Amino acid sequence: MLDIVAMGEPLVQFNAVTKGPLRYVTYFEKHSTGSEANVCVAAARLGLRSGLVTKLGNDEFGHYVLNWLRGEGVDVSHILLDDEHPTGIYFVQRSYPIPGVSDVAYYRRGSAASFISENDIDYEYIRNARVFHTTGITLAISESARLAALRAMREAKKGGALVSFDLNIRRKLWRDMGEAIKVMREALSNVDVVFMDEEEAAIILEQRGIDSIFKEAEKVFGLNKIIIKRGIRGSIAKWENEVSEVNAFRVPVEDPIGAGDAYVGVFISSMLKGMGLKESMLRASAAAAMVVMVRGDEENLPSEHDLELFLGSVGHDVDIR
Ligand code: KDG
């Protein structure tokens, strides 16, 4: 039995070595990324057993991602290779036009992962996990991936796994927000733990203000495990009857992409290790800070040892920029 099984598209990231508009960037650095893959690596770094369900192109980038995930200790036994379609890639533009903010240019339409379908999935593998995790990205990349992910969520629940879901709205992947709202709301009825930011809550739940978000999520979807990620303002969560808030660690930002996944991966892993809500949030927040200090989503995901060192050396609330 695995601790976390996630489903979603790994992507090769080409991160601009220099800041500014991509048309002027000459050098790019290659990284293995993708929201759900990031969560798997975060868990594996902390010593948990994680596995990814996906499809990669049977191409150079597909083999790069496969080797990377295997090397990180993620179970890759349920990653399929597709001879017909390529591995998805994207480019990251950094600190332009807004300092400290990154933008992405996807080249993923028609990728191998977008061709995953219900028939490709071993639902037994998913039912047997302690946690099943996916995100709104998987629901957005294609109709077949969406159906497969929605079914995976139902099967996971049937098997007794905790279903974790990050709304992760990527505007570039949705035809229109009306469709996103409909699909996300369908997904939420099978979710146990949900991660979102306030903008996503405003779109999907049509609520602003933390209390209203908590109330609406519980009233409409029966959700009582809700984590709201607030970027530099930290995070606030409701876990059954407990509500907790932590600040973010202020660190020098190289590239903020991947912070949310670091948070999710370390939060779930910490809860699975039996830690309390506040401690799990603090550790998640620390991991998110560590990840934004470098380019790439996974390189700085911490081991237990390094997380302890970070927490011990960087005072909470201390701005070290
Ligand atoms: O959360 C980070 C991810 O967004 C990044 O790795 C790329 O998975 C990705 C996506 O679909 O945007």
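The table below lists the values:
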read-out	value
Every residue from region 231-263 that is away from the ligand (no atom under 16 Å from the Cβ), in a loop (DSSP other than H, G, I, E, B) and over 10 Å from Ala289 (Cα atoms)	Gly234, Glu240, Asn241, Asn247
Total residues in region 4-38, condition under 13 Å from the mean Cα position of the chain (by Cα) and near the ligand (Cβ under 9 Å from one of its atoms)	10
Qualifying positions in region 168-185 - without any contact (Cβ under 8 Å) to a residue 40 or more places away in the chain and either loosely packed, with under 15 Cβ neighbours inside 10 Å or touching a Phe, Trp or Tyr at 6+ places or on another chain (Cβ under 7 Å) (or both)	Arg171, Arg175, Asp176, Met177, Gly178, Glu179, Lys182, Arg185
Which listed residue is crowded, with 18+ Cβ neighbours inside 10 Å and either at negative phi or touching a strand residue (DSSP E or B) at 6+ places or on another chain (Cβ under 8 Å) (or both), from Gly20, Gly62	Gly62
Conditions (1) within 19 Å of the chain's Cα centre (by Cα); (2) over 17 Å from Ser50 (Cβ atoms); (3) aliphatic (A, V, I, L, M); number of the one not met by Ile268	(2)
Criterion violated by Ala42 - all others in (1) within 15 Å of the ligand (Cβ to nearest atom); (2) of a type in the set (A, V, I, L, M); (3) in a strand (DSSP E or B) satisfied	(3)
Helices (runs of 4 or more DSSP H) enclosed by region 86-172 - at least 2 residues per element that are away from the ligand (no atom under 13 Å from the Cβ), hydrophobic (A, V, I, L, M, F, W, C) and under 26 Å from Ile226 (Cβ atoms)	143-158
Qualifying residue in region 280-294 (condition: surrounded by 19 or more Cβ atoms within 10 Å (Cβ to Cβ) and of a type in the set (Lys, Arg))	yes
Filtered residue count, region 90-104, keeping only those that are within 14 Å of Gly34 (Cβ to Cβ) and crowded, with 18+ Cβ neighbours inside 10 Å	2
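No lab work stands behind these numbers, since they all come straight from the coordinates. Since this is a predicted model, take the numbers as computed values, not measurements. Here the Cβ is made from the backbone with ideal geometry for all residues, glycine too, and neighbour counts use every protein chain on show.
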